[in-house]
Amino acid sequence: MRTISNTGTNLKRGATVWLSAALAIAVPMAIPGCGGGKPPVTVVPNPMAVVGLPTPSAPGPVNTYNGGQSPGQWSLTLNNTSGAFSYQPVTYPAAATTGNLQTGGGFSSLGAAGLAYEVLGRAAVLRPGGSASSPIFSVPQTSCYAITGKMRFQYIAMFPGTQTNLIAQGSLDPLAYGSIVASTDATGANWQFENLQGDTVSGPASFTGSCASANSAAAIALSGQTLLSDYWAPVPNTVTALPSTAKSNIWIGPSGFFAADQSDPAQTNPTGASLAGMAEPTASLSTSALASAQYLGFVYQAPTSASTGYTAVPAFTAPVGFGQVVAGSGSSLTGGIFPSDNLAGAPNSDTVITLGSESSTLNGLYASVLITVLDPQQNCANFPGQPSGFTPKNVTSGVNAQGYITCTFPGVAIAGNPDGNYAIFVNTYNWAATLGGAPQEFFLFQQQ
């Protein structure tokens, strides 16, 4: 059964455009508390306890990553010694794309074949082509390793497929996130998962998995009928049961980054959903320290389909940079895209992410995020309220200090510190993107 997020609401789909004005937003934002009741959770009771993954070895220059595009597994290899790359869809096979890579500005440019951000030997986000390509989040799991004790992994559900307009209110919650507790036997071959929770999950809260490895690559295959995200492509909607032909895999990187894909290879059209996440921190995070770091990564807006009054618009995936404009300014980060993928230039400063308060029960969960963007078309202010009587929750139109129209809307974020460096993943619904809004995600990684 779906548990509705205390910040999420069921939102209408619309076409999507990107606002790329390079005008800084200077808007004071309220930071609400998480609010609402929470289900029982399994947490690490003692931050000093010996719990977790084996100590990872130092990353090498050549790494193979596996993850999902929501839906469907992909594999990515980045060779930083020879300057070569290769990537390929696995669940819905196609020929591998290969070529030379060039690193610069914190990213790996694949030429016309796309762009990647790599946390060397720990995680990678791939845009397989131009800005209209949906991203793949992936991690390198090279062997089946055992967990000491129990670990919780938190994740956001990656928006799948082509978003449809005029989906009835109540059919989905686009601020989709979840978490699961994992443990293993001494060999790392047998996995036990329990205490599944979130606003995008369905089915049994406990299930098992088995890890197998070959050719320096491993994956954890899940059993049972649990849906880690019940919002599936190709026409995104809530599903209630896992098809018998579906394949469910999880990959856990050496520092705790987490990727998963549940998809049905028996279908002609890609069908299923993918996840991106990380291990729950063993102690509460310092929100001020989290917000004061500098980040690079990607923003993704899901594609939309045509309907009455709306035109179809492709996906939009672009590199971004974020940080604090004014040091010590609470829990807010300011940034935006690198226009035209110009990584030698500065990113826009037209988006403010205010994290709000960390959950009191789950370390690294921020369920009351607010995001403010420019809204020159006033899509936020002019939303007509369709379906009839539907008012977006916690969505406001405003004016910043420079006199520009803005839109503020809610989101949810998970954060952690794999290998001692922060990472933040955000799910939201951008009501300024177009009249009717569009789902949006951020994948942010701390820079040193």
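The values are calculated or read from the model by the stated rules, or taken from the named source; none is laboratory data. Just so we're clear, the structure is a prediction, and the values are computed from it rather than from any experiment. Cβ: placed from backbone, ideal geometry, glycine included. Neighbour counts: every protein chain shown.
Residues to consider are L296, L333, L285, L290; find the one that is at pLDDT 85 or above, assigned to a loop (DSSP other than H, G, I, E, B) and surrounded by 18 or more Cβ atoms within 10 Å (Cβ to Cβ).
L285
For the range 174-188, enumerate the residues that are farther than 22 Å from P160 by Cβ and not in a strand (DSSP E or B).
Once the filter is applied, which keeps residues that are farther than 22 Å from P160 by Cβ and not in a strand (DSSP E or B), the range 174-188 yields D185, A186, T187, G188.
Of V412, V352, V325, V373, which residue is among the aliphatic types (A, V, I, L, M) and at pLDDT below 95?
V325 is the lone residue from the list that is among the aliphatic types (A, V, I, L, M) and at pLDDT below 95.
So, restricting to strands (runs of 3 or more DSSP E) that lie completely within the range 189-232, which ones have at least 1 residues that are within 18 Å of G67 (Cβ to Cβ) and β-branched (V, I, T)?
217-222
Restricting to the range 57-110, count the residues that are over 21 Å from F257 (Cβ atoms) and free of Cβ contacts under 8 Å to residues at least 24 places away in the same chain.
12
What are the residues in the range 233-259 that are buried (at least 20 other Cβ atoms within 10 Å of the Cβ), hydrophobic (A, V, I, L, M, F, W, C) and closer than 24 Å to V181 by Cβ, if any?
L242, A246, I250, W251, I252, F257, F258, A259
Within the range 375-382, identify whether any single residue is acidic (D, E) and within 19 Å of the chain's Cα centre (by Cα), and answer yes or no.
Checked the range 375-382: no residue is acidic (D, E) and within 19 Å of the chain's Cα centre (by Cα).
Just name the residue that is nearest to L110 (Cα to Cα) out of those in the range 334-351 that are free of Cβ contacts under 8 Å to residues at least 60 places away in the same chain and touching a strand residue (DSSP E or B) at 6+ places or on another chain (Cβ under 6 Å).
P347
Mind checking whether some residue in the range 34-46 is farther than 30 Å from P410 by Cβ, in a strand (DSSP E or B) and either touching a Phe, Trp or Tyr at 6+ places or on another chain (Cβ under 6 Å) or at pLDDT 50 or above (or both)?
No, the range 34-46 contains no residue that is farther than 30 Å from P410 by Cβ, in a strand (DSSP E or B) and either touching a Phe, Trp or Tyr at 6+ places or on another chain (Cβ under 6 Å) or at pLDDT 50 or above (or both).
Does G72 count as surrounded by 23 or more Cβ atoms within 10 Å (Cβ to Cβ), at positive phi, of a type outside the set (A, V, I, L, M) and within 20 Å of the chain's Cα centre (by Cα)?
Yes; evaluated as a whole, the condition is true for this residue.
Filter the range 299-319 for residues that are over 16 Å from G114 (Cβ atoms) and among the hydrophobic types (A, V, I, L, M, F, W, C); which is modelled with the highest pLDDT?
A302
Please name all residue pairs, on different chains or six or more residues apart, with Cβ atoms under 7 Å, provided the first residue is in the range 201-217 and is touching a residue at least 24 places away in the same chain (Cβ under 8 Å) and the second residue is assigned to a strand (DSSP E or B) and of a type outside the set (A, V, I, L, M).
Going by the 7 Å Cβ cut-off, the qualifying pairs are V201/G178; G209/W191; G209/F193; C211/W191; A217/T64; A217/N66.
If I filter the range 128-149 down to residues being under 17 Å from the mean Cα position of the chain (by Cα) and among the β-branched types (V, I, T), which single residue comes out as surrounded by the fewest Cβ atoms within 10 Å (Cβ to Cβ)?
Filtering first and then ranking leaves V139.
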